[in-house]
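Below is one structure; the comments refer to it alone.
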Amino acid sequence: MKRLGKNLGGYFGETIDIRAVIGSIKSAARQHGWESEMFYLIGDLELLAFHRSPTTSAKAKRIYISAGIHGDEPAGPLAALQLLQENRWPSSAEVWLLPCLNPAGFILNSRENDGRFDLNRDYRHLETAEVTAHVRWLERQPKFDTTFCLHEDWESHGFYLYELNPDKRPSPARQMLEAASKVCPIDLSPVIEGRDAAEGLIHPQVDPESRPQWPEAFWLLQHKTRQSYTLEAPSDFALSTRVSALVAAVNAALEFFGENRAE
Ligand SMILES: [Zn+2]
């Protein structure tokens, strides 16, 4: 599989009609019985949270999935849509799904929102309306067993993963990478985005004071979870490939946690 070579200095791949994608997400969620909550509105663009209750009485795993915080990363919202449409959730999974945290960015095909803020750097100081509304919503939720943030990287050579797992809980990371590797290459660089990587897996520093700006995953680790995954699909491959890689990795993790219910 070859890289497309389109992304020179930024993302120049396919774009999506975010209003249409959000519309499809709403109808798939409705069809499969998810509860829906709009927690912020920018013009006619809705920030939405969906919730699925577990269907068995077995101890539920609380799973949080978010996407679309960077408006030039269309694979995340499309992966959220595909996961909803496929509806393959383990019966014991309680799931919160936020399919698009930066709809205004998608209108502009820009990483930032329409005020040129990178929302995924705003979780320490809460300067943007979107992140403030998101954090207020998060504060009303229970703790999550695991969180997944779906992203793309226009510079990467393949799929990779950030893991925050300070208590060294059983980790689905290798299974996620294995599943993604069946769809697209894994980025095997020893250093990715300035951090040491091992076969596509990065373990960032978790000291909050070492980070002047917090990404979403970091806020989640401080307040809502002890196990967090940020998935990065390589933007220089076809959009359908990136979507498939994100979906495959999330499904591998869901399967892992489904089998490890007794934890
Ligand atoms: Zn991103």
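The values are calculated or read from the model by the stated rules, or taken from the named source; none is laboratory data. None of the values given here were measured: they were computed from a predicted structure. Cβ sites come from the backbone with ideal geometry, for glycine too, and all protein chains shown count toward neighbours. These area figures cover heavy atoms from the full protein model, side chains too; ligands, DNA and RNA do not enter into them. Shrake-Rupley method; radii C 1.70, N 1.55, O 1.52, S 1.80 Å.
How much of the accessible area of the stretch 113-263, in percent, comes from carbon and sulfur atoms when a 1.4 Å probe is used? Don't skip to the answer; put the middle values down first.
Numbers: 2990 of 6350 Å².
The nonpolar share, carbon plus sulfur, comes to 47 percent.
With helices as the sole contributors, the chain gives -9500 deg cm²/dmol at 222 nm; each DSSP H run of n ≥ 4 counts as -39500 (n - 2.57), and the sum is divided by every residue.
Here the stretch 29-158 yields Rg over Rh of 0.97, to two decimals, using C-alpha coordinates and the Kirkwood radius.
If both residues of a DSSP beta bridge must be in the stretch 137-263, then about 45% of such bridges are antiparallel. Residue ranking by accessible heavy-atom surface, 1.4 Å probe, largest first, among E14, E255 comes out as E255, E14. Across all Cα atoms of the stretch 131-200, the radius of gyration (one decimal) and Dmax (whole number) stand at 14.7, 39 Å. Each part reduced to its alpha carbon centroid, the stretch 1-59 and the stretch 131-171 end up 16 Å apart.
Take M38: with every protein chain present and a 1.4 Å probe, its accessible area is about 90 Å². Net length available on complete extension from E14 to D167 is 51.2 nm, with 0.36 nm assigned per residue and the Cα-Cα distance removed.
For H223, H134, H51, write out the residues from largest to smallest accessible area, computed with a 1.4 angstrom probe and no ligands counted. Don't jump to the answer; show the numbers that get you there.
Working: H223 85, H134 0, H51 30 Å².
Reading off the accessible areas and sorting them downward yields H223, H51, H134.
Return the tail of the calculated pair distribution for the stretch 1-76, meaning the percent of Cα-Cα pairs more than 17 Å apart.
Numbers: 1713 of 2850 pairs.
Percentage above 17 Å: 60.
Extension gain for S36-N87 works out to 16.8 nm (0.36 nm per residue, less the C-alpha to C-alpha distance). According to the Kirkwood relation over distinct C-alpha pairs, the hydrodynamic radius of the stretch 193-262 is 14.4 Å. Only one residue of L126, F106, F256 has its Cα farthest out toward the positive end of the dipole of the chain, where Lys and Arg carry +1 and Asp and Glu -1 on Cβ, and that residue is F256.
When the surface is traced with a 1.4 Å probe over the full set of protein chains, L101 keeps roughly 10 Å² accessible. Run the paramagnetic zone check for Q213: 7 angstrom along Cα to Cβ, then residues of the stretch 130-158 with backbone nitrogen under 15 Å. Within reach of a label on Q213, which here means backbone N under 15 Å from a point 7 Å along Cα→Cβ, the stretch 130-158 contributes 131.
Taking one quarter of the surface of the C-alpha convex hull of the stretch 181-233 gives a mean projected area of 4.4 nm². Here the dipole of the stretch 1-80 is about 480 debye; that uses its Cα centre as origin and unit charges on the Cβ of Lys and Arg (positive) and Asp and Glu (negative). Accessible area of D153 (1.4 Å probe, protein heavy atoms only, ligands and nucleic acids ignored): about 10 Å². Where the alpha-carbon atoms of the stretch 72-143 are placed on the principal axes, they occupy 40, 28, 13 Å, in descending order.
Along the charge dipole of the stretch 58-210, pointing to its positive end and built from +1/-1 on Cβ of Lys, Arg, Asp and Glu, which listed residue (H157, V95, V183) has its Cα farthest out? Of the candidates, V95 comes out farthest on the positive side. Rolling a 1.4 Å probe over the protein heavy atoms gives the stretch 223-263 an accessible area of 30 Å² per residue.
Residues in the stretch 111-159 average 44 Å² of solvent-accessible surface per residue, probe 1.4 Å, ligands and nucleic acids excluded. Evaluated over the Cα positions of the stretch 82-122, the convex hull gives a direction-averaged projected area, one quarter of its surface, of 4.1 nm².
Need one number: convex hull volume per residue for the chain, Cα atoms only, in Å³.
Numbers: hull volume 31.0 nm³, N = 263.
Dividing the Cα hull volume of the chain by its residue count gives 118 Å³.
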